[in-house]
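As structure tokens, the structure follows; a few thoughts come after it.
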Amino acid sequence: MADAGSVKRYTTFDRIALGFCVAALLFLVAGGLVQIRRPTLGISSLKPLDANEPTLQGMGFAPNAVYPSSPVPPHHGNVSFYGSWIESGRSTGSVYSRWYPAVPRFAIYISGYLNTPGNRLFIEYVTANSGFKSLRIPPELAPGEAWWVREIELPKTEKPLRFVIHAIDGSSATQGWLGFSDPFVIQNIDNLQTAKQILMILLVTAGAFVSFLSPGILLRQRYRTLSFAWIPLPGVVILALLGLLAWFGPEAIRPRWICRAGLAILLLFACYGLAGAPLATFTSALERRALAIAVVIGLLAIVKSTYSLGPAGELYAGRISRTLEPGGRADSRISFHGVQLVALRASPHGHLAGAFYFPWDYSSRGPIPSLAVAPIVLSSPVQVDSLMPDAPWQLFDPQGFAAYRISMAVLASCALISVFGLAAYVLPSHWAFLAFLATVSAPFIVHEVYFTWPKLLSAAFVLIAAYLALRCFYFWAGFLVGLGYLVHPSALFGLPALTAIAFLFGSPRTVWVSVRRIALLALGTVVWILLWRLLNQGHFAQDYFLSYITMTVGTKLTWSNWLHSRMDSALNTLIPMNLFLFHRDSQETTSIYESSPPLIRFFFQYWNTLPFGVSIGFFLTYLLRSLWFGLAKKAVYVLGIFVVPFTIFLVYWGMSSGGLTREGLHAWVIGVILATIVTWQLFPCNSQVFWRFCNCALLFRGVEILFMLLLPTLVSNNQLVQKQFEVTDTFCLAAMPAIVGFLAFYVFFFAEGVRKKIHSQQILN
């Protein structure tokens, strides 16, 4: 396992690993010393063109007429606030502010409910070229009883001359009021608070990586033959148990101190273990590279989530729990509610949990992700409270959501290491690493890491289960699927593929033996399902998920509509551009606030469909060729492991027809990519020109990923960076292309190396 000449000699990998360990220890220290608060802005109000002009013209708004509990935002400088909450939220009206000179960039504070029908807030301006123009403040920005900063940059090409603020309160609902301020220029920000938040992002990232990876690495240090597929599992289990202890531990000891004490022991042990034995003594060069690439994917996700701007229609835009995507999927923040229950030691089925999970229940989702990230979140300098995570967005918030988001992204990226472990069992080392690179660099995988829901972690348990099934440990394979079910219920959809593996692999292949293997798989899985049902006795609520099989999309349930809905789902998932061309108006591919433009809808394909999820170039080259050879040479394997499980999921999922990959096919997508490389290894391409072209498709993935990360956001905004986040936004805009470029070129050159190696062997033979 050790590389020649590397024993007892520390390499760059070792120094980086020890650096992460030191930073993780500093994270624990900072958790008890640093105080995080919203940075104060230094502002100066714009002077109106005519100081004698009335402050407001119109009716229904008045100075400081906002909900009484709305706190004044932290700022230095004079600025006036206006609102339509005149004795109640039912007052209506329309007003114009004074006229102001058009400056390159300015900001206003906004408050209230822009997303309530009838409410509008505009910046209307006069230009030298095209007369009167209007710029609407997007409806997804709904601060409620808070003040958010909205930075505005008028289009320079139109040569704006002057502008006015136009507010319309057209709603008589209780929560129907609006608030805005005089325009102002941000002169400076609280650099100390900003530096603290940047520091905590770095330290939490290091703490999360070391906490999740070090137990598996140290276990590998002791047992050198342990498969790399197991590396993510020990850390997840240990931290979940620590989170459980913090939740139900002694009343006299607060959860944060239990978490900090447990992490201190873990991190000190990690530092001692890695300092005593270089990584090269118990890992191969490719294994160390797999660890490094997993870290790179996690860092890319964290950089993406640190960038302050998002696409038009982003769900929870402007809030600490912003999802980074349009659409109605709030799943990326659901696991945070579990962290809140741990921090407050609240009942999983009490009133607070009911409010958090409505219309679902705590038992509807698995507890492991919340429990696993809770020790890291609670060890941070935050105060997790009982409120919804709707506070104004900042780099690292005191409510703990940024720490949660970072931890979830790290958890997902660490889970990808199991991909290499499984690939290494079925492929030669260089092919296994190519399969790993082809998987983790897929746009779908990158997206699912920064979307921070637990489905990739759930998929990792299925992959480890597949490894066990291939080694004929059928009960334990089912046991891992059941444990994955406690991460996310989608793990159960790995069972059909594992059943096919149990039937197709191993010997003898008699009916009795196959039945016995499948029974062991089911028994291992049922253990955890029954345990979860028992723990939630009287509160087990998953009946709604069972009803998906009878659903159709927006139509009455008939056999015709049922079949039509499933056919749409299949075509949208498997056929390139079908979702965008023929179902562009689907409610699954648009913002919940207002209809999304075509560009936004186009990029939904990268996390809803297989062709774009694996990258369109990879799909048209590597994957289609492998599918052809797979069906021609190994049809029973393709049908059993991939076609039948997909069909079962297709029959089950009727809640939407916007593409199925995001709905629970994460393990299936990873399996498809792995099978693609396995097929290429079994049937190498004889045409070197075509193989080079295929590798160029891998390189083109970098363009697709970068567009997915940035294009919807950049097109949606008239600015690249916000003044209040200028340093981090500039860094993120530089870091995302750099990381994606490195990843794309690394994958390309490694794939080229494999091609040349196989070509040389073909010549020799």
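The values are calculated or read from the model by the stated rules, or taken from the named source; none is laboratory data. Here the structure is a predicted model, which is why all the values come from computation and not from measurement. For neighbour counting, all protein chains shown are included, and Cβ atoms are generated from backbone atoms with ideal geometry for every residue, glycine included.
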Worksheet item: Across segment 710-739, which residue is surrounded by the most Cβ atoms within 10 Å (Cβ to Cβ) among those that are aliphatic (A, V, I, L, M) and not in a helix (DSSP H, G or I)?
Response: V721
Practice prompt. Determine, yes or no, whether Y467 is in contact (Cβ under 8 Å) with a residue 60 or more places away in the chain, among the hydroxyl-bearing types (S, T, Y), assigned to a helix (DSSP H, G or I) and surrounded by fewer than 17 Cβ atoms within 10 Å (Cβ to Cβ).
Written response: no
Discussion item. Quick check on segment 81-91. Is at least one of its residues more than 30 Å from A285 (Cα to Cα) and basic (K, R)?
Written reply: yes
Worksheet item: Counting just the residues of segment 710-739 that are of a type in the set (S, T, Y) and in contact (Cβ under 8 Å) with a residue 24 or more places away in the chain, which one comes out farthest from G318 (Cα to Cα)?
Response: T728
Response to the item:
Residue set A261, A208, A246; condition out of contact with any Leu (no Cβ under 6 Å at 6 or more places or on another chain) and free of Cβ contacts under 8 Å to residues at least 40 places away in the same chain; output residue A261
Discussion item. For the structure I just gave you, tell me whether L627 is assigned to a helix (DSSP H, G or I) and either in contact (Cβ under 8 Å) with a residue 60 or more places away in the chain or touching a Cys at 6+ places or on another chain (Cβ under 8 Å) (or both).
Written reply: no
Item to complete: Could you please give the count of residues in segment 554-574 that are in a loop (DSSP other than H, G, I, E, B) and more than 19 Å from R584 (Cα to Cα)?
Response: 3
Worksheet item: Can you name the residue in segment 548-573 that is farther than 17 Å from G659 by Cβ and touching a residue at least 60 places away in the same chain (Cβ under 8 Å) and, of all such residues, is nearest to the chain's Cα centre (by Cα)?
Response: I549
Discussion item. Suppose the filter is in a helix (DSSP H, G or I), farther than 18 Å from G31 by Cα and touching a residue at least 24 places away in the same chain (Cβ under 8 Å); does L437 pass it?
Written reply: yes
Practice prompt. Scan segment 75-117 residue by residue and report those that are without any contact (Cβ under 8 Å) to a residue 60 or more places away in the chain and over 18 Å from L46 (Cα atoms).
Written response: I86, E87, P117
Discussion item. Considering only residues that are under 31 Å from the mean Cα position of the chain (by Cα) and crowded, with 24+ Cβ neighbours inside 10 Å, which ones fall in segment 175-191?
Written reply: none
Worksheet item: Only one of F742, F707 is surrounded by fewer than 20 Cβ atoms within 10 Å (Cβ to Cβ), in a helix (DSSP H, G or I), in contact (Cβ under 8 Å) with a residue 24 or more places away in the chain and within 19 Å of the chain's Cα centre (by Cα); which?
Response: F707
Discussion item. Yes or no: segment 487-510 includes at least one residue that is exposed (fewer than 15 other Cβ atoms within 10 Å of the Cβ) and either β-branched (V, I, T) or at positive phi (or both).
Written reply: yes
Worksheet, complete the sentence: Given (1) under 21 Å from the mean Cα position of the chain (by Cα); (2) surrounded by 20 or more Cβ atoms within 10 Å (Cβ to Cβ); (3) aliphatic (A, V, I, L, M), I592 misses just (2)
Worksheet entry | Counted residues, segment 470-515 - those being part of a helix (DSSP H, G or I) and without any contact (Cβ under 8 Å) to a residue 24 or more places away in the chain | 6
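Here is a yes/no grid of residues against (1) over 17 Å from P232 (Cβ atoms); (2) among the β-branched types (V, I, T); (3) at pLDDT 95 or above:
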{"site": "P375", "(1), (2), (3)": "no, no, yes"}
{"site": "L378", "(1), (2), (3)": "yes, no, yes"}
{"site": "A391", "(1), (2), (3)": "yes, no, no"}
{"site": "A403", "(1), (2), (3)": "yes, no, yes"}
{"site": "V410", "(1), (2), (3)": "no, yes, yes"}
{"site": "S418", "(1), (2), (3)": "no, no, yes"}
{"site": "P428", "(1), (2), (3)": "yes, no, yes"}
Discussion item. Six or more apart or on different chains, Cβ atoms under 6 Å: show the pairs whose first residue is in segment 53-69 and under 22 Å from Q175 (Cβ atoms) and whose second is charged (D, E, K, R).
Written reply: G60/D169; Y67/E145; S69/E145
Discussion item. Can you tell me how many residues within segment 28-75 are surrounded by fewer than 13 Cβ atoms within 10 Å (Cβ to Cβ) and under 23 Å from L199 (Cβ atoms)?
Written reply: 4
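Yes/no matrix, rows are residues, columns are (1) surrounded by 16 or more Cβ atoms within 10 Å (Cβ to Cβ); (2) touching a helix residue (DSSP H, G or I) at 6+ places or on another chain (Cβ under 7 Å); (3) touching a residue at least 12 places away in the same chain (Cβ under 8 Å); (4) under 25 Å from L416 (Cα atoms):
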site	(1), (2), (3), (4)
V204	yes, yes, yes, yes
G216	yes, yes, yes, yes
R224	no, no, yes, yes
S227	yes, yes, yes, yes
A252	no, no, no, no
R256	yes, yes, yes, no
I265	no, no, no, no
Response to the item:
Selection from segment 574-592 of residues in contact with a Phe, Trp or Tyr (Cβ under 8 Å, 6 or more places away or on another chain) and touching a residue at least 40 places away in the same chain (Cβ under 8 Å) yields P576, L579, E588, T589
Discussion item. Based on this model, can you work out whether S130 counts as more than 33 Å from the chain's Cα centre (by Cα), crowded, with 21+ Cβ neighbours inside 10 Å and small (G, A, S)?
Written reply: no
